[in-house]
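Colleague: Before I ask anything, let me first share the structure, which is written out below as structure tokens.
The values are calculated or read from the model by the stated rules, or taken from the named source; none is laboratory data. Quick caveat: nothing in here was measured; it's all calculated off a predicted structure. Glycine also receives a Cβ, built like all others from the backbone with ideal geometry; neighbour counts cover every protein chain displayed.
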């Protein structure tokens, strides 16, 4: 499906209360023709808020069967476009290279490939890296609990390369759903900076980002007098009942599973982007998915990586889509999108299962 009639698009915007009126297109030098960068104007959100719309970002958000090396390649190409925008729209261009720090939040953050993209743009020059891993005591897939952060603990950190006596610009690539991990990671960074007599002047977020996460993290940075800038992939989402699922639009499957209630979710997105996403997006699906489980391997410490069995991600994606089909009253074209993706997911699962069986012999 290449396009939808305007009447169908308008109906979806109205039914799911999608905000298509808060974006302005910005021209970025040397960006691809297929890339669009939008500034978001919402009085309830941060002032410097942007959406990065790329072909690769669309693919990742719409197609959970994209994983492993394919995901990494597409994430890198999306990050290249984001890095160009950041270089022109933030203080990065005027900041001393030694004062730029990347906070790698394990396990998901490095998978956004932002640091790799900047290394490509800067001809091999690398920023300072610090590392932190926060982990929920209980399994957290599609469940980030209530508003408290009980059970979210720092299990690993390495801040050895944090610059001393500097004003730092912090790059923080990660999935920001509830914002709780982000808040803890920032608080830890602030404390570590004090230990080396440095201060953070600006934090730049990149990844899939929700409205509640932005609000929560802005409250944190305001307490410390830090400026927050955010670059979100494709849209800025509402957040489902489970504080995990981040969808372009659709029924909140987690709330329905919890109480049987039907609630419709909608994001902030430019009309131009929405028009491209709708023919490929399964309503109610989670755009980033279980990000770390979509990768071939992830860092568990600064030096150590572990191989990922993506079968779990594929099985979970199938389960979510099947549930959405049952509860969402899909139109025929939405049903077709879901069926097409399910075929690709089952095919990928079959391939991975067969490959694992061969290795086990």
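Colleague: Can you pull out the residues in segment 159-204 that are surrounded by 17 or more Cβ atoms within 10 Å (Cβ to Cβ) and more than 17 Å from residue 129 (Cα to Cα)?
Modeller: The answer is 175, 176, 177, 178, 179, 180, 181, 183, 184.
Colleague: Right, next: Do you know which of the residues in segment 207-230 that are over 30 Å from residue 328 (Cβ atoms) and in contact with a helix residue (DSSP H, G or I) (Cβ under 6 Å, 6 or more places away or on another chain) is surrounded by the most Cβ atoms within 10 Å (Cβ to Cβ)?
Modeller: Start the filter on segment 207-230 by keeping residues that are over 30 Å from residue 328 (Cβ atoms), which leaves 217-229.
Still in the running and in contact with a helix residue (DSSP H, G or I) (Cβ under 6 Å, 6 or more places away or on another chain): 217, 220, 224, 228.
Numbers: 217: 25, 220: 19, 224: 15, 228: 23.
Of everything passing the filter in segment 207-230, 217 is surrounded by the most Cβ atoms within 10 Å (Cβ to Cβ).
Colleague: Continuing with this model, one more query. Report whether or not residue 147 is modelled with pLDDT under 95, surrounded by fewer than 17 Cβ atoms within 10 Å (Cβ to Cβ) and assigned to a helix (DSSP H, G or I). Steps first, answer last, please.
Modeller: Working: modelled with pLDDT under 95: yes; surrounded by fewer than 17 Cβ atoms within 10 Å (Cβ to Cβ): yes; assigned to a helix (DSSP H, G or I): no.
So residue 147 fails the test.
Colleague: If I ask for residues that are in contact with a strand residue (DSSP E or B) (Cβ under 7 Å, 6 or more places away or on another chain) and either surrounded by fewer than 24 Cβ atoms within 10 Å (Cβ to Cβ) or in a strand (DSSP E or B) (or both), which ones from segment 58-96 would you list? First the steps, then the outcome.
Modeller: To start, the set of residues in segment 58-96 that are in contact with a strand residue (DSSP E or B) (Cβ under 7 Å, 6 or more places away or on another chain) comprises 58, 61, 78, 81-82, 85-86, 89-92, 95.
Across segment 58-96, the qualifying residues are 58, 85, 89, 90, 91, 92, 95.
So that you can scan it fast, the table gives a plain yes or no per residue for (1) exposed (fewer than 13 other Cβ atoms within 10 Å of the Cβ); (2) free of Cβ contacts under 8 Å to residues at least 40 places away in the same chain; (3) more than 23 Å from the chain's Cα centre (by Cα); (4) not in a helix (DSSP H, G or I):
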| site | (1), (2), (3), (4) |
| --- | --- |
| 298 | no, no, no, yes |
| 320 | no, no, no, no |
| 337 | no, no, no, no |
| 340 | no, yes, yes, no |
| 343 | yes, yes, yes, no |
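Colleague: Now for a separate question. Restricting to segment 97-121, name every residue that is in a helix (DSSP H, G or I) and touching a residue at least 60 places away in the same chain (Cβ under 8 Å).
Modeller: To start, the set of residues in segment 97-121 that are in a helix (DSSP H, G or I) comprises 97-99, 109-112, 114-121.
Listed by number, the residues that qualify are 98, 99, 109, 110, 111, 112, 114.
Colleague: Within segment 42-56, identify whether any single residue is part of a helix (DSSP H, G or I) and modelled with pLDDT of 95 or more, and answer yes or no.
Modeller: Applying the first criterion (part of a helix (DSSP H, G or I)) to segment 42-56 yields 55-56.
Still in the running and modelled with pLDDT of 95 or more: 55-56.
Yes, segment 42-56 contains at least one residue that is part of a helix (DSSP H, G or I) and modelled with pLDDT of 95 or more.
Colleague: Which residues, counting only those in segment 6-41, are part of a helix (DSSP H, G or I) and closer than 16 Å to residue 238 by Cβ? Spell out how you get there, then give the answer.
Modeller: First pass over segment 6-41, keeping only residues part of a helix (DSSP H, G or I): 6-15.
Across segment 6-41, the qualifying residues are 12, 13, 14, 15.
Colleague: How about segment 183-292: which helices (runs of 4 or more DSSP H) wholly inside it have at least 2 residues that are within 14 Å of the chain's Cα centre (by Cα) and farther than 21 Å from residue 82 by Cβ?
Modeller: Details: elements: 211-223, 253-259, 271-277.
Ranges flagged: none.
Colleague: Test of understanding: among 253, 303, which residue is at negative phi and crowded, with 24+ Cβ neighbours inside 10 Å?
Modeller: Values: 303 fails: crowded, with 24+ Cβ neighbours inside 10 Å.
Selected residue: 253, the only one of 253, 303 that is at negative phi and crowded, with 24+ Cβ neighbours inside 10 Å.
Colleague: Something else: Scan segment 23-54 for residues that are without any contact (Cβ under 8 Å) to a residue 60 or more places away in the chain and surrounded by fewer than 15 Cβ atoms within 10 Å (Cβ to Cβ) and report the count.
Modeller: Matching residues across segment 23-54 total 10.
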